[in-house]
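Participant: Quick one: structure below, then a few questions.
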Amino acid sequence: MAVDVQSILEMALEKGRNVLYEGKVASYIPELAKADSSNLGVCLMKKDGTIYKAGDYNIPFTMQSISKTFSLILALQTAGYDKVFSKIGMEPTGDRFDSILQLELKDWRPFNPMINAGAIVTASCVETEDPFGSFLELVRKVCNNPRISLNEEVYQSEKRTGTRNRSIAFLLKSDNVLDGEPEDILDIYFRMCSVMVTAKDLARYGMVLSNHGIDPDTGEQLIDPTIVRIVTTLMMLCGMYDESGEYAVKVGLPSKSGVGGGIVAISRKGVGIGTFGPMLNKKGNSVGGEKILQVLSRELGLHVFDLATF
Ligand code: DON
């Protein structure tokens, strides 16, 4: 019997709506506190061009930490594996995304590229004339959306208030992990976090990653498959911060969240999913988005350790 993906998506959206009350919108970046707490949407895209969508799949929001995956791709493309992983590790931390703890306790290198410390070092590894310009170009190409752009208000808001990220950057500088001026690197990092996407854009990103980096519409290899493998593995291990383990058990898809409310999830065989819901749990992950992905994973048999049924 054919699976009715659209009905399952709508049912998952309803289940997501039922848990929104458990969350709060991010407020540590003042501009993010203006988010509409009732927003919730999902988009699932297949490489053959089929698109399923429900709710607020087309509302733009800032990608925040989802940018960490794009900057890692760019750093690996421009500086290469050896340089990037001489400065950043590959291990989950179990700590908050903006934690400073492990930098002093264990190693001078950030544990992984998905926490803030790691992403700030990743941004410093992008070896192009204009790192933010290259970042935007990559995002637009992968999402097949030339209108994707910076949210100036969120960028300014984060730049004005990002004291914790400043502390991390200066600590990294003092330990000689960061090349260049901390303020310049932070500026690139803040800009990357403030680029606006929709759940539909994220679904396309997930679909391209699932398709081993190939744009199915043009046949162009946008991202090298070895880079895709590195990025998706790190998403599986650390993409949902200190909730990555529980999320892996319940959803079981390489995913990355951001405090703007987005989650990108990668399934098998050219299927990508994007969700948006700015109500966040205590770990900084979208409560509605997580619920939607949990339902989709269960109903469509998407968990990486399930036998594929979809
Ligand atoms: O560094 C920050 O605070 C943000 N721009 C990004 C953090 C983020 O998205 C964490 N997410 N769950």
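Participant: Report, ordered by the first and then the second residue, all pairs with beta carbons closer than 6 Å, sequence separation of six or more or different chains, a first member in segment 1-18 that is among the hydrophobic types (A, V, I, L, M, F, W, C), and a second member that is assigned to a helix (DSSP H, G or I).
Facilitator: The qualifying pairs are I8/E299; A12/I292; A12/V295; A12/L296.
Participant: Okay, moving on. Let me confirm something: among K141, K173, which residue is modelled with pLDDT of 95 or more, more than 15 Å from the ligand (Cβ to nearest atom), of a type in the set (D, E, K, R) and over 22 Å from V259 (Cα atoms)?
Facilitator: It is K141.
Participant: Then there's this: Which of the numbered conditions does L74 fail, given that it passes all the others? Conditions: (1) assigned by the TED database to the domain that holds K15; (2) not in a loop (DSSP other than H, G, I, E, B).
Facilitator: (1)
Participant: Looking only at segment 27-65, filter to residues that are among the small types (G, A, S) and within 16 Å of the ligand (Cβ to nearest atom); which one of those is least open to solvent (accessible area, probe 1.4 Å)?
Facilitator: Here the residue is S65.
Participant: How many of the residues in segment 120-149 are under 16 Å from the mean Cα position of the chain (by Cα) and more than 23 Å from G272 (Cα to Cα)?
Facilitator: 3
Participant: Next up: Which of the residues that make up segment 1-26 are among the aliphatic types (A, V, I, L, M) and either open to solvent by less than 40 Å² (accessible area, probe 1.4 Å) or outside any helix (DSSP H, G or I) (or both)?
Facilitator: Matches in segment 1-26: M1, A2, V3, V5, I8, L9, A12, L13, V19, L20, V25, A26.
Participant: I've got another one for you. Can you tell me which residue is nearest to N39 (Cα to Cα) among those in segment 280-295 that are touching a Gly at 6+ places or on another chain (Cβ under 7 Å) and away from the ligand (no atom under 13 Å from the Cβ)?
Facilitator: G288
Participant: Would you mind listing the helices (runs of 4 or more DSSP H) fully within segment 81-136 where at least 1 residues are open to solvent by less than 50 Å² (accessible area, probe 1.4 Å) and at pLDDT 95 or above?
Facilitator: It comes to 81-87, 116-125.
Participant: I'd like the full set of residues that are among the aliphatic types (A, V, I, L, M) and closer than 26 Å to K34 by Cα, limited to segment 122-163.
Facilitator: Answer for segment 122-163, where residues must be among the aliphatic types (A, V, I, L, M) and closer than 26 Å to K34 by Cα: L136, V139, I148, L150, V154.
Participant: Let me ask something else about it. Just for segment 257-279: of the residues that are away from the ligand (no atom under 16 Å from the Cβ) and in a strand (DSSP E or B), which one is farthest from S37 (Cα to Cα)?
Facilitator: V271
Participant: Still on this model: Restrict the check to segment 301-308 and report whether at least one residue is over 21 Å from R140 (Cα atoms) and either surrounded by 24 or more Cβ atoms within 10 Å (Cβ to Cβ) or among the polar types (S, T, N, Q) (or both).
Facilitator: no
Participant: Pick from I185, I168: which is in contact with a helix residue (DSSP H, G or I) (Cβ under 6 Å, 6 or more places away or on another chain), at pLDDT below 95 and either open to solvent by 10 Å² or more (accessible area, probe 1.4 Å) or not in a strand (DSSP E or B) (or both)?
Facilitator: I168
The values are calculated or read from the model by the stated rules, or taken from the named source; none is laboratory data. Note that the coordinates shown come from a computational prediction; the quantities given were computed from them, not determined experimentally. Here the Cβ is made from the backbone with ideal geometry for all residues, glycine too, and neighbour counts use every protein chain on show. All accessible areas refer to the heavy atoms of the entire protein, side chains included, with ligands and DNA or RNA removed. Shrake-Rupley method; radii C 1.70, N 1.55, O 1.52, S 1.80 Å.
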